[in-house]
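*Asks:* Mind looking over this structure? Questions follow.
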């Protein structure tokens, strides 16, 4: 079955109060030992690991992904900026609707979530679902001093700690249940997964593993080639009919040249220092293969090749197009994360605290915006404020431009003192 029934079946309802079980701390003993399947890797081994994951056991595949990312600097440099483009931005919780209960729910949940110390790590972990195919975070709910049931901790559970049944439903493996696992309780877990294929096949690292492996083989052969042919070599020639003594002297001279760069030679012998000829892609097969693999990885992760490195002369305009493609992916990541937060955190929060019927859950809003020069951003704000007459939050403007508010009793700059102004403001 290619599509899991998890997307087709009606989800179990959320209880009136959260479960007290905290499963993420119950790590299986097997996690103490990692065999590093990325070592001595070959295509046959990759196929076997992928097949095991498709059968519902992705543990070894997750370990392989970690080895591949750790070893491949280019791959890692493509993954982490895409994650930080969302997780590194400021965020807020928006009310799900205009009703007073909707607004109260958003304010109360935001205050609670901001008090949790590991929220940035949660956002980063959930965004790894793009690469692993899924990501799970366990939510610990407790009652605060105001009597509200709120999240107090988010436990990021390693990807390898899950198995999937024939319908692609996830089960968390714990220390005393590493064969069947425990089904994820709704309201207790924030579980992100990529759409379409089975979770174990959906991650981008499935494709990146092949290109990274091909690059590893190319670099290995390139190093061997460099060791054998990359350095100049010394060639000795002797005249036809040369005596054994002349040959002996020539051999000794070649050894001395290689060691001390000094040798005494007879006129009857000739010594040449040659370098391996190079030039053109036909003479740089290994470099061309490495460049091809890097380009395919870049297109896979960011949808483009010119966002992380240059493409030669005349690539600036095309680089802007590639940057737009990358921004579209970042927006998509932020939107999927917002939906997941609303369904897995916002909905249980409203349910656990008995808000009025019809209260809409809060929604996560991540401030993902296109990179714009500060002057251009200021001009946009001026148009919004002066021409569209839309009020703007002064604190947000200060954060955008990293401006401090005047201190009490301190001297505040006035428009007449603005840098570059040569005449008074009328």
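The values are calculated or read from the model by the stated rules, or taken from the named source; none is laboratory data. Remember, it's a predicted structure, so these values are computed and weren't measured experimentally. Heads up, the Cβs are rebuilt from the backbone with ideal geometry, glycines too, and the neighbour counts pull from every protein chain shown.
*Asks:* Taking into account only those residues within region 167-196 that are in contact (Cβ under 8 Å) with a residue 24 or more places away in the chain and out of contact with any helix residue (DSSP H, G or I) (no Cβ under 9 Å at 6 or more places or on another chain), which is farthest from residue 351 (Cα to Cα)?
*Replies:* 176
*Asks:* Still on this structure, I have one more. Let me confirm something: among 351, 389, 340, which residue is touching a helix residue (DSSP H, G or I) at 6+ places or on another chain (Cβ under 7 Å) and either surrounded by 12 or more Cβ atoms within 10 Å (Cβ to Cβ) or modelled with pLDDT of 80 or more (or both)?
*Replies:* Result: 340 is the single residue among 351, 389, 340 that is touching a helix residue (DSSP H, G or I) at 6+ places or on another chain (Cβ under 7 Å) and either surrounded by 12 or more Cβ atoms within 10 Å (Cβ to Cβ) or modelled with pLDDT of 80 or more (or both).
*Asks:* I've got another one for you. Is it the case, given these coordinates, that residue 147 is surrounded by fewer than 17 Cβ atoms within 10 Å (Cβ to Cβ) and at positive phi?
*Replies:* In short, yes.
*Asks:* For region 355-386, which positions are in contact (Cβ under 8 Å) with a residue 12 or more places away in the chain, surrounded by fewer than 11 Cβ atoms within 10 Å (Cβ to Cβ) and more than 28 Å from the chain's Cα centre (by Cα)?
*Replies:* Of everything in region 355-386, just one residue is in contact (Cβ under 8 Å) with a residue 12 or more places away in the chain, surrounded by fewer than 11 Cβ atoms within 10 Å (Cβ to Cβ) and more than 28 Å from the chain's Cα centre (by Cα), namely 358.
*Asks:* Taking the condition surrounded by 23 or more Cβ atoms within 10 Å (Cβ to Cβ) and within 12 Å of the chain's Cα centre (by Cα), does residue 93 pass?
*Replies:* Judged against the criteria, residue 93 is not a match.
*Asks:* Quick one: is residue 24 in the same structural domain as residue 183 (by TED's automatic domain parsing), in contact with a strand residue (DSSP E or B) (Cβ under 7 Å, 6 or more places away or on another chain) and in a helix (DSSP H, G or I)?
*Replies:* no
*Asks:* Could you list, in sequence order, all residues of region 393-412 that are part of a loop (DSSP other than H, G, I, E, B) and either within 16 Å of residue 90 (Cβ to Cβ) or at pLDDT below 75 (or both)?
*Replies:* Listed by number, the residues that qualify are 393, 402, 403, 407, 408, 409, 410, 411, 412.
*Asks:* Of the residues 237, 179, 195, only one is under 32 Å from the mean Cα position of the chain (by Cα) and at pLDDT below 80; which?
*Replies:* 195
*Asks:* Do we have residue 122 as under 20 Å from residue 343 (Cα atoms) and either outside the structural domain of residue 334 (by TED's automatic domain parsing) or in a strand (DSSP E or B) (or both) here?
*Replies:* The answer is no for residue 122.
*Asks:* Okay, moving on. For region 65-76, give me the residue count where each residue is within 8 Å of the chain's Cα centre (by Cα) and crowded, with 16+ Cβ neighbours inside 10 Å.
*Replies:* 0
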